[in-house]
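Take a look at the structure below.
The values are calculated or read from the model by the stated rules, or taken from the named source; none is laboratory data. Keep in mind that this is a model prediction, so the values were computed, not measured. Don't worry about glycine lacking a Cβ; one is built from the backbone with ideal geometry, like all the others, and counts go over all protein chains shown. These accessible areas exclude ligands, DNA and RNA; they are computed on the full protein's heavy atoms, side chains included. Shrake-Rupley method; radii C 1.70, N 1.55, O 1.52, S 1.80 Å.
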Amino acid sequence: MDQIDKHRRKWLALGTAAMGIALLPGRAFSMLSTPRPRILVINNLHTGETLKTEFFDGKRYNKEELTRLNHLFRDYRAGKVKNIDPQLFDHLYRLQVMLGTHNKPVQLVSGYRSLATNDSLREPGSGVAKHSYHTQGKAMDFHIQGVDLAHIRKAALKMRMGGVGYYPQSDFVHIDTGPARTW
């Protein structure tokens, strides 16, 4: 009987550990995975620019590629570039892996916005926040051609990694690197 209890305890402990790993938030769980290069293809819908970039080589971020991404995500209205939070690119990459769309370009609607641009876009009912994460280089609005917007939103919510906004009338999903929340 003692022998059975020992085996049972061992199996219960292993099961509990496995359950704990499965319940880890996306960010922590992803740290347990094997590092690999992260590649994105992004079209800026306002400037017509397209960028294919390996922004992470499996061990570290590529500073030159992050600079190129910063330029693509710039406030084209004001001609201003800001360093974009690399975690935003990580979120986008993981989202595409989850959706199985890593071979489809992301259509960037909005990346960085200067305070002046953000204020000019704010009007009643516009959905533009006064203290938007866009002004901090921590947010993006996008869609993926040929992928249902509701499907993108559902996958982003499942990741539990920052804010997720859903704008079907404007044809984009918002993601950011702030606290997990939804609207």
Environment charge of LEU40, counting only residues whose C-beta is closer than 13 Å and scoring Lys/Arg +1, Asp/Glu -1: +2
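How much net charge surrounds PHE172 when only the other residues with a Cβ under 12 Å from the Cβ of PHE172 are counted, with Lys and Arg +1 and Asp and Glu -1?
It works out to a net charge of -1.
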Assuming R0 = 41 Å, what is the FRET efficiency of VAL97 and LEU121, from their Cβ-Cβ distance, to the nearest 0.05? 0.85
Rounded, prolate or oblate: pick one for segment 62-183, where a ≥ b ≥ c are the square roots of the eigenvalues of its C-alpha gyration tensor, a/c under 1.5 means rounded, and failing that, prolate if a/b is larger than b/c, else oblate. oblate
Starting from the residue with the highest accessible area, list GLU64, GLU49 in decreasing order, probe 1.4 Å. GLU64, GLU49
Heavy-atom accessible area of segment 30-117 with neighbours in place, 1.4 angstrom probe: carbon+sulfur share in percent works out to 51
Say a paramagnetic label sat at a point 7 Å from the Cα of HIS131, along Cα to Cβ; which residues of segment 152-183 have their backbone N under 16 Å from it? 163, 177-181
Could you put HIS131, HIS91 in order of accessible surface area, largest first, with the 1.4 Å probe and the full protein assembly present? HIS131, HIS91
Accessible area of ASP57, 1.4 Å probe, to the nearest 10 Å²? 70
With all protein chains in place and a 1.4 Å probe, TYR133 shows an accessible area in Å² (nearest 10) of 60
Using each residue's phi in segment 141-154, evaluate 6.51 cos²θ - 1.76 cosθ + 1.60 at θ = phi - 60° and report the 3J(HN,Hα) Karplus result to the nearest Hz, with x for Gly and Pro. 10, 6, 9, 10, 3, x, 10, 4, 4, 5, 5, 4, 4, 4
